[in-house]
Amino acid sequence: MPYSTILFDATDGVYRLTLNRPHRLNAFTAQMHEEVRDVLSRLEADPDARVLLITGAGTGFCAGQDLSERDIDSGPLDLSQGPERDYNPLVRRLTALRLPVVCAVNGVAAGAGVNIAAACDIVMAKRSAKFVQAFSAIGLVPDAGGSWSLPRLMGQARALGFTLLNETLTAERAEAMGLFWRAVDDAVFDGEVEAVIARLAKAPTFGLGSAKLALRAGWSSTLDEALDRERDLQRACGLSPDYKEGVSAFRAKRTPVFKGRAE
Ligand code: T3D
């Protein structure tokens, strides 16, 4: 399918998805959701995929839902449709991908833009980026998984303040609150993101995907369930060629060459 709202490239297992509506700070439209779904379908069908990068074009990362797309003048709107058709499947798919998803927050993130970033695995933000929940300013609740992920990442008190007071957080403050992995100086941001991507592209992807699954599922499991899951995933990872390669390389004091596959 031709893309008009995103940029996309897949080379050597590295999938790069750039939200590309910079004049609207890359706010999501129905068309953008459709194009992102198409990329995710390609990725899910590719056994050689190693890492997904999501970022934004221009000065913003993503301003959430494009508010100009909602027809507020023709009667009351049923806003359950956006989550049901677009945001919920997107978050479910990102978190279920058996490979690392890197989010490079290159500028302001607002509304669902914050919560989509929070659904990614390794989130790096430019030091100049800003984070704002935005939902409360228009009388909405955090969606795209924010009501679930924000309290877990930042703690309940901070999630409530962030959401209800709608304060804009600097990248530094959001990082200190645990919202994401690392704030990086603007001048070296692209290089640092590329270094992480290059590292993940050579990693034992099946093991990383399994670790991600264990950590994410652990959030809503009992200790017993988590222990059982770890045992089962460890069995699968131990049977993968990358485990053998990792141990062989360690013993031989050489750099491992991982295939990234389960078998
Ligand atoms: O509907 C459903 O399905 C429910 C689900 C909703 C999910 C959500 O994400 S709801 C939350 C939606 N997002 C917002 O409410 C954020 C709105 N934007 C802002 O508050 C501000 O733009 C920012 C804080 C993000 C950035 O501020 P600033 O001053 O850096 O930029 P700006 O000048 O406000 O924006 C630049 C342009 O982008 C501007 O266009 P213009 O005036 O130059 O032609 C602005 O209108 C446009 N823009 C920014 N955000 C959106 C947007 N256009 C449409 N939708 C947006 N969300």
> For region 60-111, how many residues are open to solvent by 30 Å² or more (accessible area, probe 1.4 Å) and more than 8 Å from the ligand (Cβ to nearest atom)?
Replying inline: 17
> Can you name the residue in region 217-263 that is at pLDDT below 95 and more than 30 Å from Pro151 (Cβ to Cβ) and, of all such residues, is least open to solvent (accessible area, probe 1.4 Å)?
Replying inline: Ala262
> Which residues, counting only those in region 27-63, are more than 14 Å from the chain's Cα centre (by Cα) and of a type in the set (Phe, Trp, Tyr)?
Replying inline: Phe28
>> If I filter region 137-151 down to residues being surrounded by 15 or more Cβ atoms within 10 Å (Cβ to Cβ) and in a helix (DSSP H, G or I), which single residue comes out as nearest to the ligand (Cβ to nearest atom)?
In response: Gly146
> So, in region 156-172, of the ones that are within 16 Å of Phe135 (Cα to Cα) and among the hydroxyl-bearing types (Ser, Thr, Tyr), which residue ends up surrounded by the fewest Cβ atoms within 10 Å (Cβ to Cβ)?
Replying inline: Thr168
> Has region 3-16 got at least one residue that is open to solvent by 10 Å² or more (accessible area, probe 1.4 Å), more than 23 Å from Val108 (Cα to Cα), touching a Pro at 6+ places or on another chain (Cβ under 9 Å) and away from the ligand (no atom under 13 Å from the Cβ)?
Replying inline: no
>> Residues to consider are Ile54, Ile116, Ile72; find the one that is within 18 Å of Asp143 (Cβ to Cβ) and in a loop (DSSP other than H, G, I, E, B).
In response: Ile72
> In this structure, does Glu175 turn out to be exposed (fewer than 14 other Cβ atoms within 10 Å of the Cβ) and out of contact with any Cys (no Cβ under 8 Å at 6 or more places or on another chain)?
Replying inline: no
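Listed residues Ala183, Ala137, Ala119, Ala187; which is within 23 Å of Thr59 (Cα to Cα) and touching a residue at least 40 places away in the same chain (Cβ under 8 Å)? Reasoning before the result, please.
On the way: Ala137 fails: touching a residue at least 40 places away in the same chain (Cβ under 8 Å); Ala119 fails: touching a residue at least 40 places away in the same chain (Cβ under 8 Å); Ala187 fails: touching a residue at least 40 places away in the same chain (Cβ under 8 Å).
Going through Ala183, Ala137, Ala119, Ala187 in turn, just one is within 23 Å of Thr59 (Cα to Cα) and touching a residue at least 40 places away in the same chain (Cβ under 8 Å): Ala183.
The values are calculated or read from the model by the stated rules, or taken from the named source; none is laboratory data. Given the structure is predicted, the values throughout are model-derived calculations rather than measurements. For neighbour counting, all protein chains shown are included, and Cβ atoms are generated from backbone atoms with ideal geometry for every residue, glycine included. Areas reflect the complete protein model, heavy atoms only, side chains present, ligands, DNA and RNA absent. Shrake-Rupley method; radii C 1.70, N 1.55, O 1.52, S 1.80 Å.
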